[in-house]
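K.L.:
Quick one: this structure, given as structure tokens, is what I'll be asking you about.
The values are calculated or read from the model by the stated rules, or taken from the named source; none is laboratory data. Everything numeric here is computed off the predicted structure, so don't read it as measured data. Note that each Cβ is placed from the backbone with ideal geometry, even for glycine, and that neighbours are counted across all protein chains shown. To get the accessible areas, we keep the full protein, side chains included, count just its heavy atoms, and leave off ligands, DNA and RNA. Shrake-Rupley method; radii C 1.70, N 1.55, O 1.52, S 1.80 Å.
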Amino acid sequence: MSLNDTPSAERIHIGFFGRRNAGKSSLVNKVTGQELAVVSDTLGTTTDPVSKAMELLPVGPVVIIDTPGFDDVGELGSKRISRTRLILNKVDVAVLVVDLIEGMGKTEAQLIALFEEKRIPYIIAYNKADLKETVTAGKDNEIYVSSVTGKNINELKEKIAGVASCKAPSIPLISDLIEPGDTVIMVIPIDSSAPKGRIILPQQQVLREILDSNAMAYICQDTELDRSILNLNSKPKMVVTDSQVFGKVKGIVPGDIKLTSFSILMARHKGFLRSCVKGVKAIDSLDNGDTVLISEGCTHHRQCEDIGTYKLPKWLGEYTGKKINIETTSGLSFAEDLSKYKLIIHCGACMLNDREMVFRTKCAEDAGIPMTNYGIAIAYMNGILKRSLEVLPDILKELE
Ligand code: SF4
């Protein structure tokens, strides 16, 4: 993906599922128009999910995910099936690829049951239609295709686009909180843990929405914030800060200027802010020996690792005065058994899509474990959560 592309987490996720050798990979290659997946007659050639970003008109940017066969066998096979199950948590649309000659079987029934349980809209693509002559159209969500001849590939894309376009639009980051002409100050500290030569995704996305709203952005580090406020001829509508410097920033921003964080805006955008605010109060009940799960959505950002593995455990210990055990997970793996945790603190989830975050929130709710996120936890421990939620009065009620 190039720097100009829509971030993966903002794209509609479309997963191709099915048995080994149903022709998933060939079909994915036809749909994407690229040799994305390795194709062979050997069973189980796709060993890991493979993703490809593309434009699917008229819905726009999507990610196509090719998954390993759901009937894989042996120890490795069951690991692949587990990974495919994880993919199910983030797909917005599923395509079940069925070998038309072999027809539906146990694996397909299992997959359909999972789609229905997880409320994933799905299409059944009967592949290898070139091998059977008397093929007629099926139900609305069924289609006969051939990845060899290209039969009905465009029609399949249209069906996928039709289902994908029914997805509810995402909650904005900031555009619904500002008016054209407003000024927003963005506080972005550049310390040793900041990535070299760029600003991170949530900051880029907030900046883009400010520009899209015909508002104005003023960007500075926390060290220049007081001068930045003085430099402005009129009061800014809002200050949005990196959560890590909440403590310092709250002392600089006058009480009549709204203050919030990238993390709070991102949690709202991903649909789990309300649960985060409800869950954060559990910090006050933590006791010696309790275990807290710190969960990160990806593995490759030093900045977040530093917060998750060092800063947050330290702040939690200082705030509670207790000896708390910390466990961490990262990437797509979110602990299957949450019952041993007293609290889950999730990262900002900028690399995860909203569906995945709603799923994780539901897992925590079902297990009866409170869940919050980095930004909310930091604001709470700094005593400024209430203030940082004033921009969102309906969420603020959760604190009362
Ligand atoms: S760890 Fe979380 S917040 Fe940090 S970059 Fe990854 S997904 Fe984003």
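K.L.:
Whole-Hz Karplus ³J(HN,Hα) for the range 19-33, in order, using 6.51 cos²θ - 1.76 cosθ + 1.60 and θ = phi - 60°, x for Gly and Pro?
P.N.:
So the Karplus estimates, Gly and Pro as x, are 6, 4, 6, 7, x, 4, 5, 4, 5, 4, 4, 5, 5, 7, x Hz.
K.L.:
If you don't mind, there's one more thing I want to ask. Length gain on complete extension for the stretch residue 101 to residue 311, per 0.36 nm per residue less the alpha carbon to alpha carbon distance?
P.N.:
69.9 nm is the gain from fully extending residue 101 to residue 311.
K.L.:
To make sure I understand the rule: partners must be lysines, Cα under 17 Å from the Cα of residue 235, and not fewer than 8 residues away in the same chain. Which ones qualify?
P.N.:
250, 258
K.L.:
On to the next question. Is the shape of the range 8-164 rounded, prolate or oblate, going by the alpha carbon gyration tensor and its root eigenvalues a ≥ b ≥ c, with a/c under 1.5 for rounded and a/b larger than b/c for prolate? Mind showing how you got there, number by number?
P.N.:
Details: a/c = 1.29, a/b = 1.04, b/c = 1.24.
Rounded, since a/c falls under 1.5.
K.L.:
OK, next. Ranked by accessible surface with a 1.4 Å probe, highest first, in what order do 294, 12 come?
P.N.:
Putting 294, 12 in descending order of accessible area: 12, 294.
K.L.:
A further question follows. What does the charge count near residue 27 come to, summing +1 for each Lys or Arg and -1 for each Asp or Glu among other residues with Cβ under 12 Å from its Cβ?
P.N.:
Once positives and negatives cancel, what remains is +3.
K.L.:
Taking 0.36 nm per residue of separation and subtracting the Cα-Cα distance, what length does fully extending residue 257 through residue 284 add?
P.N.:
Working: separation 27, 0.36 × 27 = 9.72 nm, distance 2.84 nm.
Net length gain for the segment: 6.9 nm.
K.L.:
Still on this structure, please answer the following. With every protein chain kept in place and ligands, DNA and RNA left out, what is the accessible area per residue of the range 270-400? Probe 1.4 Å, answer in Å².
P.N.:
Details: 5720 Å² over 131 residues.
In whole numbers, the range 270-400 has 44 Å² accessible per residue.
K.L.:
Once you sort the root eigenvalues of the Cα gyration tensor of the range 175-266 as a ≥ b ≥ c, which label holds: rounded (a/c under 1.5), prolate (a/b larger than b/c) or oblate (the other case)?
P.N.:
Here the range 175-266 falls in the oblate category.
K.L.:
Roughly how many Å² of residue 388 are accessible to a 1.4 Å probe, to the nearest 10?
P.N.:
0 Å²
K.L.:
Top to bottom by accessible area (1.4 Å), largest first, where do 54, 351, 266 land?
P.N.:
351, 54, 266
K.L.:
Further question on the same structure: Kindly report, to the nearest 10 Å², the accessible surface of residue 298 as traced by a 1.4 Å probe over protein heavy atoms only.
P.N.:
The accessible area comes out at roughly 30 Å².
K.L.:
Report, to the nearest 10°, how far helix 153-164 tilts away from the longest principal axis of the Cα atoms in the chain, using its own Cα long axis and a range of 0 to 90°.
P.N.:
Taking Cα atoms only, the helix is inclined about 40 degrees.
K.L.:
Grab the beta carbon distance between residue 132 and residue 196, set R0 = 60 Å, and tell me the FRET efficiency rounded to 0.05.
P.N.:
FRET efficiency, residue 132 to residue 196: 0.60.
K.L.:
Something else now. If you fit an axis through the alpha-carbon atoms of helix 106-117 and take the longest principal axis of the Cα set of the chain, what angle between them do you get, 0 to 90°, nearest 10?
P.N.:
Computed tilt is about 30 degrees.
K.L.:
Cα-Cα over 19 Å: which of 196/270; 159/270; 340/362; 281/386? Provide the component values of the computation, followed by the final result.
P.N.:
Values: 196/270 26 Å; 159/270 26 Å; 340/362 17 Å; 281/386 12 Å.
Those over the limit are 196/270; 159/270.
K.L.:
Give me the net charge for the shell around residue 6: Cβ to Cβ below 15 angstrom, other residues only, Lys and Arg +1, Asp and Glu -1.
P.N.:
Result for the local shell: -3.
K.L.:
Would you kindly find the accessible area of residue 104, with a 1.4 Å probe and non-protein molecules such as ligands, DNA and RNA excluded, rounding to the nearest 10 Å²?
P.N.:
90 Å²
K.L.:
Further question on the same structure: Based on Cβ point charges of +1 for Lys and Arg and -1 for Asp and Glu, what charge dipole magnitude is obtained for the range 275-381 about its Cα centre, in debye rounded to the nearest 20?
P.N.:
220 debye
K.L.:
How about residue 30: which aspartates and glutamates have a C-alpha closer than 13 Å to its C-alpha, ignoring those fewer than 8 places off in the same chain?
P.N.:
Candidates past the 8-residue exclusion: 66, 155.
K.L.:
Let me ask something else about it. Using a probe of 1.4 angstrom, how much of the accessible area of the range 8-164 is carbon and sulfur, in percent?
P.N.:
Working: 3530 of 7120 Å².
With neighbouring chains kept in place, the figure for the range 8-164 is 49 percent.
K.L.:
I'm checking a number: the convex hull volume of the Cα atoms of the chain, normalised per residue, in Å³. What is it?
P.N.:
About 151 Å³ per residue, rounded to a whole number.
K.L.:
Quick one: length gained pulling residue 34 to residue 168 fully straight, 0.36 nm per residue minus the C-alpha distance?
P.N.:
Going from the current span to full extension adds 45.3 nm.
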